[in-house]
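**Q** Dropping a structure here in structure tokens format, bear with me for questions.
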């Protein structure tokens, strides 16, 4: 085997030391510093990203608190507006109800006065026309006639009974 030939050991050791030395210098001076700088950059980038994430989390927490406060205020304002509108509608309803009640009361009084006036007119008309109608009915049905005083007495009795029935 040629690698175990002692005459070639010196050349092999020379090339081993030379290639190992070049490889060592190349790795320690070029590759390792680039690798370390890449790792350092990566660590810096990771720590910056973590700080940015923490800052964003603080901002998110702040915004969530602000949204919660705004939501609470909006609910409070809506509740206040609802209560005001409810009270306003209740007041308006009460006012309209009282106006309608007063209007109905006035209409009822007017109706009662109108009814009393009509009853008065009816009584007067009945007192005047009833004897004539009774007399004409008797003439047509029985072909007879009663004295005016009897007809008036009967119609007065009927008018009195009619007044009692109307008053109730």
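The values are calculated or read from the model by the stated rules, or taken from the named source; none is laboratory data. Remember, it's a predicted structure, so these values are computed and weren't measured experimentally. Heads up, the Cβs are rebuilt from the backbone with ideal geometry, glycines too, and the neighbour counts pull from every protein chain shown.
**Q** In region 117-142, what count of residues is obtained for those that are in contact with a helix residue (DSSP H, G or I) (Cβ under 9 Å, 6 or more places away or on another chain) and more than 15 Å from residue 154 (Cα to Cα)?
**A** 2
**Q** Just need a number here: residues in region 116-134 that are surrounded by 12 or more Cβ atoms within 10 Å (Cβ to Cβ) and either closer than 17 Å to residue 161 by Cα or modelled with pLDDT under 75 (or both).
**A** 8
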